[in-house]
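Below you'll find the structure, written out as structure tokens, and then a few comments.
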Amino acid sequence: MRRSPTRKSRSGSARLLEGAKAAGSEIVRPRDHGLKPIAAVHTPEYLEFLQNIFLRWQRIDGASEEVIPNIHPLARTGRYPASAVGQAGYHMADTACPISADTWGSACWSAWSAVEAAEAVLAGARHTYALCRPPGHHAFADVAGGFCFLNNSAIAAQHLLTSSKRIAILDVDLHHGNGTQGIFYGRSDVLTVSLHADPVRFYPFFWGNADERGEGLGLGYNYNLPLPRKTADAGFLEALDAANRRIEAYAPDALVVGLGLDAFEGDPFGGLSISTPGFARIP
């Protein structure tokens, strides 16, 4: 069973949808699940910002067409700016997450696709696939980044916790899921595991190292497997075996897979070199 958003946001999404149909999957449009499952992961301050910042930005004389911050705090202390410009810098980690008039609606429907997939699992489905655009794994509880605004994997995991006690997230995107890690870093009810290109030379640069193991109650519940650039199937699948062993040791009630496809050998980023048969061996 497959879950798809109400609109095709990019040609890549259209191709994925076509592939799901060709595989004989049932295509289901998500329902509007409201803010509750999103607010279970993201702060109210951040959600208010996302809902209103575009209109506020347009009232600035000479503002850019999209919300793109030109300043970021070196340290996020308790002080919170009142201006739209300051809040944009506070809540947006980089310039790869511009906010347009359609961003909030698109991000919500993407998140609701993940919620709909989780609902299907809660209802007894063995597996579902949520076609989520924009993606989510770089979004923290109160920070957007890397084309991500709402963290779909985290939202799905949190929703599954409404009837489960332990959830694991396996992220196989080319880039480390720093937002997902950050959301659950101090928790033991969600195990986060990520295979990704070594951040020493790859986005997000400041997260994703092997020694990031969680903190407080979450110590030992975050597992990063950074891979050398151009790692192909053999090295990737060896790391995947290690990831699976850690997940099996955690014994989760459900598994959320963040299936980024940019680790593909033909991807323009050229970070990893996973073949199509290699992807087929990911659980």
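The values are calculated or read from the model by the stated rules, or taken from the named source; none is laboratory data. Only a predicted model underlies this, so the values are computations on that prediction, with no experimental measurement involved. Cβ: placed from backbone, ideal geometry, glycine included. Neighbour counts: every protein chain shown.
If a residue must be under 17 Å from Ala168 (Cα atoms) and either exposed (fewer than 13 other Cβ atoms within 10 Å of the Cβ) or not assigned by TED's automatic domain parsing to the domain that holds Tyr223 (or both), how many such residues does segment 243-283 contain? Number satisfying all stated conditions: 5. Among the conditions (1) under 21 Å from the mean Cα position of the chain (by Cα); (2) closer than 30 Å to Leu160 by Cα, the only one that Ala251 does not satisfy is (1).
Taken together, the residues in segment 129-172 that are part of a loop (DSSP other than H, G, I, E, B) and over 17 Å from Tyr250 (Cα atoms) amount to 21. Among the criteria (1) within 16 Å of the chain's Cα centre (by Cα); (2) of a type in the set (Ser, Thr, Tyr); (3) at pLDDT 95 or above, the one Ser100 does not fulfil is (1). With respect to Gly105, is the statement that it is without any contact (Cβ under 8 Å) to a residue 12 or more places away in the chain, under 30 Å from Thr128 (Cβ atoms) and in a helix (DSSP H, G or I) true? The answer is yes for Gly105.
Does Ala144 fit the bill of being touching a Cys at 6+ places or on another chain (Cβ under 7 Å), aliphatic (A, V, I, L, M) and surrounded by 22 or more Cβ atoms within 10 Å (Cβ to Cβ)? In short, yes. Scanning segment 1-24 for residues that are at pLDDT 85 or above and in a loop (DSSP other than H, G, I, E, B), which turns out surrounded by the most Cβ atoms within 10 Å (Cβ to Cβ)? Once the filter is applied, the top-ranked residue is Ala23. Quick check, is Leu259 in contact with a helix residue (DSSP H, G or I) (Cβ under 7 Å, 6 or more places away or on another chain) and either closer than 16 Å to Gly278 by Cα or among the aromatic types (Phe, Trp, Tyr) (or both)? For Leu259, the condition - in contact with a helix residue (DSSP H, G or I) (Cβ under 7 Å, 6 or more places away or on another chain) and either closer than 16 Å to Gly278 by Cα or among the aromatic types (Phe, Trp, Tyr) (or both) - is not met.
Selection of segment 173-183 for residues being surrounded by 24 or more Cβ atoms within 10 Å (Cβ to Cβ) and in a helix (DSSP H, G or I) yields Asn178, Gly179, Thr180, Gln181, Ile183. Would segment 110-127 turn up any residue that is at pLDDT 95 or above, of a type in the set (Val, Ile, Thr) and either in contact with an Asp or Glu (Cβ under 6 Å, 6 or more places away or on another chain) or within 20 Å of Ile27 (Cβ to Cβ) (or both)? For segment 110-127, residues at pLDDT 95 or above, of a type in the set (Val, Ile, Thr) and either in contact with an Asp or Glu (Cβ under 6 Å, 6 or more places away or on another chain) or within 20 Å of Ile27 (Cβ to Cβ) (or both): present. Checking the conditions here, which among Ala156, Ala141 is more than 26 Å from Ser25 (Cα to Cα) and either more than 11 Å from the chain's Cα centre (by Cα) or of a type in the set (Gly, Ala, Ser) (or both)? After applying the criteria, what remains is Ala141. Restricting the first member to segment 123-145 and to residues that are assigned by TED's automatic domain parsing to the domain that holds Ala40 and at positive phi, and the second to residues that are outside any loop (DSSP other than H, G, I, E, B) and of a type in the set (Ser, Thr, Tyr), no beta-carbon pair is closer than 7 Å while six or more apart or on different chains.
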